[in-house]
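What follows is calculated from the coordinates using simple rules that are stated; it is not laboratory data. Note that this is a predicted model, so its numbers are computed, not measured. As a convention, Cβ positions derive from the backbone with ideal geometry for all residues, glycine included, and neighbour counts pool all protein chains shown.
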Amino acid sequence: DGGITQSPKYLFRKEGQNVTLSCEQNLNHDAMYWYRQDPGQGLRLIYYSQIVNDFQKGDIAEGYSVSREKKESFPLTVTSAQKNPTAFYLCASSPQTGPSGDYGYTFGSGTRLTVV
Amino acid sequence: KQEVTQIPAALSVPEGENLVLNCSFTDSAIYNLQWFRQDPGKGLTSLLLIQSSQREQTSGRLNASLDKSSGRSTLYIAASQPGDSATYLCAVTGFQKLVFGTGTRLLVSP
C-alpha cells in the first residue's frame, strides 16, 4: 500500500535539545510538506519542498530545519531555537504543485511532540 | 492573505440527521478545495477534492459543493452515523500552499 509513514508516533524533548521527526513516502510524489497543529489554531505550514535538494519556508519556519536529499524522505528537525515546540506535527505529500492537473494532498498519521 | 473559516465550530446531532458543514475563504484565486476528516490524535484522511473548474463532488453519503465566486463550500453528510464523529477540515490550495480552516467538530449520538 502506498502512503506516508511518520515516526515516531510520540516524541519527548528536553529543554535545549534538537529532535528530528521522520517522514517517508512511497507515493512517488514530488512535493512534501510539514504542518504543525495546535488546538484551536488549525494547521500551519512550516516548510515545503517541491523537488529534491530544494525547500522553502512556510508561515512558521523559525526554529525548524529540513532537508530533502531523497525524493521519498523529508525529515524535520525541531531545534532548541523553537521556544514552544509542543504540538502535533503532520507530514503531507502531493504529486505536483501548480494549477494544472488533478492533485490532492495525502497526510501521514502524525507525530506528537512534547517538551519535558 | 488567504483565510479559511469553518462554521459551526462544533455540532452535536442524533443519528440519522442530514448535516451541512460550511467553509468560506477570502481569496477566490484557488486551484482546488479539499475536505478532510481527522479522528482524535490521528492524521488527516482525504474525503473529497473539488478542482476549481468543478462545482461539486460526491462520494457515498458525502457531497461537497464549491462556489468560487462567493468563496464558499459546503459539505453535506446524509443520514449521519456515530462513525461519522470526527473533526472535519476544509483546505484551499493556492500557489504552492494548502491553507486550512480550524475545523468543525462533529458528534453523532446513537
* State whether one or more residues within the stretch B:100-108 are in contact with a helix residue (DSSP H, G or I) (Cβ under 8 Å, 6 or more places away or on another chain), farther than 25 Å from A:Trp34 by Cβ and either in a loop (DSSP other than H, G, I, E, B) or aliphatic (A, V, I, L, M) (or both). => yes
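What's the total number of residues in the stretch A:58-98 that are basic (Lys, Arg) and either more than 23 Å from A:Ser109 (Cβ to Cβ) or under 13 Å from the mean Cα position of the chain (by Cα) (or both)? Don't jump to the end; show me each part of the working.
Filtering the stretch A:58-98 down to residues basic (Lys, Arg) leaves A:68, A:70-71, A:83.
Those still in the list that are either more than 23 Å from A:Ser109 (Cβ to Cβ) or under 13 Å from the mean Cα position of the chain (by Cα) (or both) too: A:68, A:83.
Selection size over the stretch A:58-98: 2.
Listed here are the residues, each with its yes/no results for (1) more than 12 Å from chain B (Cβ to nearest Cβ); (2) over 23 Å from B:Gly94 (Cα atoms); (3) touching a strand residue (DSSP E or B) at 6+ places or on another chain (Cβ under 9 Å).
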residue	(1), (2), (3)
A:Tyr48	no, no, yes
A:Lys57	no, no, yes
A:Ala61	yes, no, yes
A:Lys71	yes, no, yes
A:Gln96	no, no, yes
A:Thr106	no, no, yes
A:Arg112	no, yes, yes
* Evaluate the following for A:Asp30: is it closer than 20 Å to B:Tyr31 by Cα and without any contact (Cβ under 8 Å) to a residue 24 or more places away in the chain? => no
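State all residues of the stretch B:14-39 that are of a type in the set (A, V, I, L, M, F, W, C), farther than 18 Å from B:Glu56 by Cβ and away from every other protein chain (no Cβ under 14 Å); if no residue qualifies, say none.
Passing the criteria: none in range.
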* Asked: Can you pull out the residues in the stretch B:74-92 that are in a strand (DSSP E or B) and either out of contact with any Gly (no Cβ under 7 Å at 6 or more places or on another chain) or crowded, with 21+ Cβ neighbours inside 10 Å (or both)?
  -> B:Thr74, B:Leu75, B:Tyr76, B:Ile77, B:Ala86, B:Tyr88, B:Leu89, B:Cys90, B:Ala91, B:Val92
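Select from the stretch A:36-78 the residues that are in a loop (DSSP other than H, G, I, E, B) and either in contact with a helix residue (DSSP H, G or I) (Cβ under 9 Å, 6 or more places away or on another chain) or of a type in the set (Ser, Thr, Tyr) (or both) and list them in ascending order. First the steps, then the outcome.
Restricting attention to the stretch A:36-78, the residues satisfying the condition of being in a loop (DSSP other than H, G, I, E, B) are A:39-41, A:52-53, A:58-63, A:67-69, A:71-72, A:74-75.
Hit for the stretch A:36-78 is A:Ser67, nothing else.
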